Amino acid sequence: MHASEGAKSRRDLLAGLIFIAIAAGFAFEASNYEMGRAIRMGPGFIPMTLAILLALFGVMIIVAGLKKDERVEKTPIPWKGILLILAALVIFGEFGTLLGLVPVVFIGTAVVALASAKNPVGSALVIAACMSALCWLVFKVGLGITLPTFGPLLTFS
């Protein structure tokens, strides 16, 4: 009998537990706010609903992991993807107000799209343009957020 025979998917079990832990944190914080009802939602309603859904996904992942027989296979760590995703988060956090919504979403999305070896530069730029347009429509037009469309680094007086 091979040492990994009968082994459950540790990755799935760990991922499910992480989802449940994050959901518990959000649910705990959401419980500090008024819930309201579905017809008249309070400020805690959506966070609590999302926490419950995330916990359910965690349970589903754990159940799937218990059913899966996973052979442990050594795969290289995708450093390029990890670094590009972290860079996109830093760009968004540090330059959001300076660049504005559309440019920071464009740059961040392009960088994240390039994290995948399957996305060529042209594809990453198309994805970034579509995401920028969608974010502008949802957040500026639909919700009226205060982040400028184009920040002070890109406005010329």
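The values are calculated or read from the model by the stated rules, or taken from the named source; none is laboratory data. Worth saying up front: this structure is predicted, and the values here are computed from it rather than measured. Cβ: placed from backbone, ideal geometry, glycine included. Neighbour counts: every protein chain shown.
Restricting to segment 33-51, name every residue that is among the aliphatic types (A, V, I, L, M) and out of contact with any helix residue (DSSP H, G or I) (no Cβ under 8 Å at 6 or more places or on another chain).
Ile39, Met41, Ile46
Starting from residues that are surrounded by 17 or more Cβ atoms within 10 Å (Cβ to Cβ) and in contact with a Pro (Cβ under 8 Å, 6 or more places away or on another chain), keep the ones in segment 94-114 and report whichever is nearest to Pro152 (Cα to Cα).
Gly100
With within 20 Å of the chain's Cα centre (by Cα) and either under 30 Å from Ser9 (Cβ atoms) or among the charged types (D, E, K, R) (or both) as the only criterion, which of Gly93, Gly81 stands out?
On inspection, the qualifying residue turns out to be Gly81.
With Lys118, Lys68 as the choices, which residue is at pLDDT below 90, surrounded by 12 or more Cβ atoms within 10 Å (Cβ to Cβ), within 30 Å of Arg10 (Cβ to Cβ) and not small (Gly, Ala, Ser)?
Lys68
Go through segment 74-105 and count every residue that is of a type in the set (Ser, Thr, Tyr) and either assigned to a helix (DSSP H, G or I) or modelled with pLDDT of 90 or more (or both).
1
Restricting attention to segment 104-112, does a residue exist that is within 21 Å of Lys80 (Cα to Cα) and either among the hydroxyl-bearing types (Ser, Thr, Tyr) or over 20 Å from the mean Cα position of the chain (by Cα) (or both)?
Yes, that holds for at least one residue.
Read through the list (1) in contact with a helix residue (DSSP H, G or I) (Cβ under 7 Å, 6 or more places away or on another chain); (2) not in a helix (DSSP H, G or I); (3) not assigned by TED's automatic domain parsing to the domain that holds Ala129, then give the number of the only condition that Leu54 fails.
If we test Leu54 against (1) in contact with a helix residue (DSSP H, G or I) (Cβ under 7 Å, 6 or more places away or on another chain); (2) not in a helix (DSSP H, G or I); (3) not assigned by TED's automatic domain parsing to the domain that holds Ala129, just (2) comes out false.
Please verify whether Lys80 is free of Cβ contacts under 8 Å to residues at least 60 places away in the same chain, charged (D, E, K, R) and surrounded by 15 or more Cβ atoms within 10 Å (Cβ to Cβ), treating the condition exactly as stated.
no
Keeping to segment 5-51, report how many residues are assigned to a helix (DSSP H, G or I) and not aromatic (Phe, Trp, Tyr).
24
Note down all Cβ pairs under 6 Å where the first residue falls in segment 1-30 and is within 11 Å of Asp69 (Cβ to Cβ), the second is at pLDDT 85 or above and part of a helix (DSSP H, G or I), and they're at least six residues apart or on different chains.
Close Cβ pairs (under 6 Å, with a partner that is at pLDDT 85 or above and part of a helix (DSSP H, G or I)) amount to Lys8/Gly65; Lys8/Leu66; Ser9/Gly65.
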